[in-house]
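Heads up, the thing below is written out as structure tokens.
The values are calculated or read from the model by the stated rules, or taken from the named source; none is laboratory data. Remember, it's a predicted structure, so these values are computed and weren't measured experimentally. Every residue, glycine among them, receives a Cβ derived from its backbone with ideal geometry; neighbour counts consider all protein chains shown.
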Amino acid sequence: MRNFARELAWAAATVGPGARVVRSAPIAGGMTGAVIGLEVADGDGRMHRLVLKLYKLDPEEPDSPKREAHILDLLRGSGLTAPQVIAIDPEGVECEVPALLMTRLPGKPRIWPRDVRSWIVDLATCAARIHATPVVPEALPLYRRYEWDKPAAPPAWSRKPALWEKAIEAYRGPAPDHKPAFIHRDYHPGNVLWSNRKVQGIIDWLHGCWGPPGQDLAHCRLNLWLNQGAAAADALVAAYHRVAPSAPSYDPYWDLDEAIGNHNPATPPGSARRYESFVAAAVAKL
């Protein structure tokens, strides 16, 4: 196992002369690479709580640290609480792999809250705030799906091929009319931080872009559907429209866009049966 000595040395050096890493520990949940929490003492003894994100080398996304740093810079002064960029090693010259050093927000994700109702209201409120953030569209990449050419046929594991044929046909059809906005693109409870049951900020902005707000809701809905169930996923949409009453009605197409356009049904996330029930509910509402 790597000890990341070179990366930690770079992080300390960016803080200033005489700075040193006092404590470091991995942060769970990083899908794009290693995420390390740091406490760095600067030359005057002041402590800095930071996050060092080390990205996997991905030929399809070679500019990941630049993209995330760009989004974080756009969010400065926006009213959204997000990390601030401290330093970036976009080519991995100093850290062997591309790296981004940023401030660490307080709080932790809440995946299994006791008070589900208020937790869902918090998630809906954060989503609405993201979508209302005034970011210049030209400064953002455009939304695109992850699975461009999938699926061509119902997944082999399903016993309901007719359901999937309807779902795929609807998914391949035109998207509903919508007003594009700034979206997180990976919005779910694991990327929202709470402390004392209050939201402290939103993290993991790598895929922030200009696109359909319904996609953020769909991505969060699928996570809730798989973990807390259908009622929680539906409650998110209801809470969102209470917070943002002028938003258009939620279209079930976005559930298909999430389940089919951004995942490969051959290897569904979480429980295959719950995943299929998510698709079935969307088809039933078309």
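For the range 239-261, a tally of residues being assigned to a helix (DSSP H, G or I) and in contact (Cβ under 8 Å) with a residue 12 or more places away in the chain returns 13.
Contact annotation: residue pairs with Cβ atoms under 8 Å, 6 or more positions apart or on different chains, pairing a residue in the range 20-43 that is over 14 Å from CYS95 (Cβ atoms) and in a strand (DSSP E or B) with a partner that is modelled with pLDDT of 90 or more and among the polar types (S, T, N, Q), are GLY37/SER24; GLU39/SER24.
Tally time: how many residues in the range 262-275 are of a type in the set (Ser, Thr, Tyr) and either under 22 Å from ASP115 (Cα atoms) or in contact (Cβ under 8 Å) with a residue 12 or more places away in the chain (or both)? Write out each step before concluding.
Let us first name the residues in the range 262-275 that are of a type in the set (Ser, Thr, Tyr), namely 267, 271, 275.
Of the ones still in play, those that are also either under 22 Å from ASP115 (Cα atoms) or in contact (Cβ under 8 Å) with a residue 12 or more places away in the chain (or both) are 271, 275.
The total comes to 2.
Within the span defined as the range 226-248, one or more residues are among the aromatic types (Phe, Trp, Tyr), at pLDDT 95 or above and under 19 Å from THR125 (Cα atoms).
Would you be able to say whether some residue in the range 174-188 is under 20 Å from the mean Cα position of the chain (by Cα) and touching a residue at least 60 places away in the same chain (Cβ under 8 Å)?
Of the range 174-188, the ones under 20 Å from the mean Cα position of the chain (by Cα) are 180-188.
From the residues that got through so far, the ones that are touching a residue at least 60 places away in the same chain (Cβ under 8 Å) too are 187.
Yes, the range 174-188 contains at least one residue that is under 20 Å from the mean Cα position of the chain (by Cα) and touching a residue at least 60 places away in the same chain (Cβ under 8 Å).
The number of residues in the range 92-141 that are in contact (Cβ under 8 Å) with a residue 40 or more places away in the chain and part of a helix (DSSP H, G or I) comes to 18.
Quick check on ASP204: is it assigned by TED's automatic domain parsing to the domain that holds TYR143 and not in a loop (DSSP other than H, G, I, E, B)? Lay out the reasoning, then the answer.
On the way: assigned by TED's automatic domain parsing to the domain that holds TYR143: yes; not in a loop (DSSP other than H, G, I, E, B): no.
No: the conditions fail for ASP204.
For the range 276-286, filtering for residues that are surrounded by fewer than 18 Cβ atoms within 10 Å (Cβ to Cβ) and in contact (Cβ under 8 Å) with a residue 60 or more places away in the chain leaves 2. The set of residues in the range 144-187 being modelled with pLDDT of 95 or more, among the aromatic types (Phe, Trp, Tyr) and assigned to a loop (DSSP other than H, G, I, E, B) consists of TRP157, TYR187.
From the list ALA28, ALA5, the one residue that fits, being within 23 Å of ARG197 (Cα to Cα) and aliphatic (A, V, I, L, M), is ALA28.
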